[in-house]
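Here the structure is laid out as structure tokens; the discussion comes afterwards.
The values are calculated or read from the model by the stated rules, or taken from the named source; none is laboratory data. Just so we're clear, the structure is a prediction, and the values are computed from it rather than from any experiment. For neighbour counting, all protein chains shown are included, and Cβ atoms are generated from backbone atoms with ideal geometry for every residue, glycine included.
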């Protein structure tokens, strides 16, 4: 994955690899510090319930779905947009997959792939609206969100779809592979690796960052801007479909209302992890840490039985703080930190 | 002042603001915000019913024949979900039996009264003979009744209480008694007692708060061996419910029962393996709940009589219109029978189901 090129002065180059490291990894370091602080605080406050292997498994399973949807959102953010319809797209995939399995007897893997494919088509539609027709991401994805909310309910007849096959539930997010490895975690890892290959090792990834960095420069550089934008939103849609399938397997039903809260949570996790709103910058490592931070925060607050309203206030404050810290640092925080240590 | 100093000051102020603001909010254990003490007291009080229908009376009830083909608008909060589809089905059946025209107006699941009021104002403009209203909020939906009455349109509310005596009637289920019944069902299924989790609904929803109040009061009164160790609130979202359940069991791994105020707050079949066999009591009977009863994941559920609600809403509207101006039907209370696996397929249980294939899309 491409990182924003760190500004390294001649003095830095002479002095300290840590300084250069700090500049390049400033965003992730600060989120990591936040993660460690939260983990330590909750572990000390609730040693018997937070700091247990069972809870780590619990958080890993919960974080998996958020990670997949945040990776999806990252693609949209990197090209300078965002996707408000990811939650509705998750519900759409959940409904389609469930209908395919229960209504038509489609085998679980085919039904899941069908649902993911359909969500990718939704992403394609978003990409065409934004990249080709020039509609703003806010309007285009809001329209998609609204449309899908109704359409999913039309498909489902306004009801939830139960009776999903046990192999679907076990293998697509609700159980384990080989009764050992949580399938949700496995799917999230696959999505993360695939995203890394695309963003960090492929020409498309390079173009995605270039487009987000400067649309005009990318166009002048010969990049097919519209095609790249359409591709990014299509990938976003497909990953949202995967997240929807995973959520469906986790709760055991298909439902047109599943995933409603993931629209904004995915943006929050990505931004906390250093993905720039406006595009062009961000790392999957940061996305991962942003997801971990939000998961630890919400799990810790739940274990602490903090009132739901207070949780919302705290989460909002953490989001603002993360963005302010990100702006204040500009690499300077980590440079100062390591330079001080190096000079000591 | 340096920009960096200003930024640090802003961050510090924000950091202080959150705990200060949080400390200013008086909250109860189950997440209900501070409110008037009269509101808190009413959560712990059963409904006063003018007519208390028994199960047999409800099942045998037939809508009265309308004096003329009235136009009745039924306002429901949403069409998304078996519960709401059941309301609509019941309303349409009553319209057929009574010989009236029914128009369904649905929201998109709004949880605040303002959008419902806007919708109601549009409905009033179309001048129906009566409105059957499913209110969003016990206080916030009162202006709908006031404005409808001012336009000469009687209102029969159903589903959720409305804090006004200006309706032509209210068709209600006593959520407090539902909560009490949940405690009784739990005690019957699990006489040993022990620690358990209460999955509450939206923190601001009266129906949920009353069920929680009824459940907890009953446990205190009759079943001291039961202890609620966690009672998270959330929207009606099975994924969020599962997350809250899993988080709560990290702190309390030895729970031996679950009570959920509504079936879709937490799906019994989604519980992790360790908890699959513990007693699970909830409300709501529909195909997904039937599957849970059959699998054994769900122990007992109480009927929320969604079809009967829709039926009664239209039927009582016809009753009010037939009686004329100033009809006062009072509170018509609908029962909430308990249903277990043994009841699947019985007339009592099937009374809660609409025909397979029925779907109202608007």
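If the condition is being at pLDDT below 85 and over 15 Å from residue B:202 (Cα atoms), then segment A:305-317 contributes only A:305.
Could you tell me which numbered condition residue B:235 fails, if it satisfies all but one of (1) surrounded by fewer than 24 Cβ atoms within 10 Å (Cβ to Cβ); (2) under 28 Å from residue A:54 (Cα atoms); (3) under 14 Å from the mean Cα position of the chain (by Cα); (4) away from every other protein chain (no Cβ under 14 Å)? The one condition residue B:235 does not meet is (4).
When B:179, B:194 are checked against the criterion of being buried (at least 19 other Cβ atoms within 10 Å of the Cβ) and in contact (Cβ under 8 Å) with a residue 60 or more places away in the chain, B:179 stands alone in meeting it.
Just so you know, in segment A:157-185 the residues that are in a loop (DSSP other than H, G, I, E, B) and more than 21 Å from residue B:264 (Cα to Cα) include one that is farthest from the other protein chains (Cβ to nearest Cβ), and it is A:178.
Here is a yes/no grid of residues against (1) surrounded by fewer than 24 Cβ atoms within 10 Å (Cβ to Cβ); (2) part of a loop (DSSP other than H, G, I, E, B); (3) away from every other protein chain (no Cβ under 14 Å):
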residue: A:218; (1), (2), (3): yes, no, yes
residue: A:222; (1), (2), (3): yes, yes, yes
residue: A:245; (1), (2), (3): no, no, no
residue: A:276; (1), (2), (3): yes, yes, yes
residue: A:314; (1), (2), (3): yes, no, no
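If you check B:35, B:86, B:99 for being at pLDDT below 90 and either surrounded by fewer than 17 Cβ atoms within 10 Å (Cβ to Cβ) or within 14 Å of chain A (Cβ to nearest Cβ) (or both), only one passes: B:35.
The residue of segment B:278-332 that is farthest from the chain's Cα centre (by Cα), among those that are touching a residue at least 60 places away in the same chain (Cβ under 8 Å), within 14 Å of chain A (Cβ to nearest Cβ) and assigned to a loop (DSSP other than H, G, I, E, B), is B:286. Being in a loop (DSSP other than H, G, I, E, B), at pLDDT 95 or above, surrounded by fewer than 22 Cβ atoms within 10 Å (Cβ to Cβ) and more than 23 Å from the chain's Cα centre (by Cα) is a condition met by at least one residue of segment B:200-223. If you go through segment A:166-209 and pick out every residue that is more than 21 Å from residue A:64 (Cα to Cα), touching a residue at least 60 places away in the same chain (Cβ under 8 Å) and surrounded by 18 or more Cβ atoms within 10 Å (Cβ to Cβ), you end up with 3. In segment B:253-265, the residue that is nearest to residue B:194 (Cα to Cα) out of those that are surrounded by fewer than 18 Cβ atoms within 10 Å (Cβ to Cβ) and within 12 Å of chain A (Cβ to nearest Cβ) is B:254. Going by what's in this entry, would residue A:150 be described as without any contact (Cβ under 8 Å) to a residue 40 or more places away in the chain, over 21 Å from the mean Cα position of the chain (by Cα), within 14 Å of chain B (Cβ to nearest Cβ) and in a helix (DSSP H, G or I)? Answer is yes for this residue. The set of residues from segment A:67-108 being part of a helix (DSSP H, G or I), more than 20 Å from residue A:260 (Cα to Cα) and in contact (Cβ under 8 Å) with a residue 60 or more places away in the chain comprises A:78, A:101, A:102, A:108.
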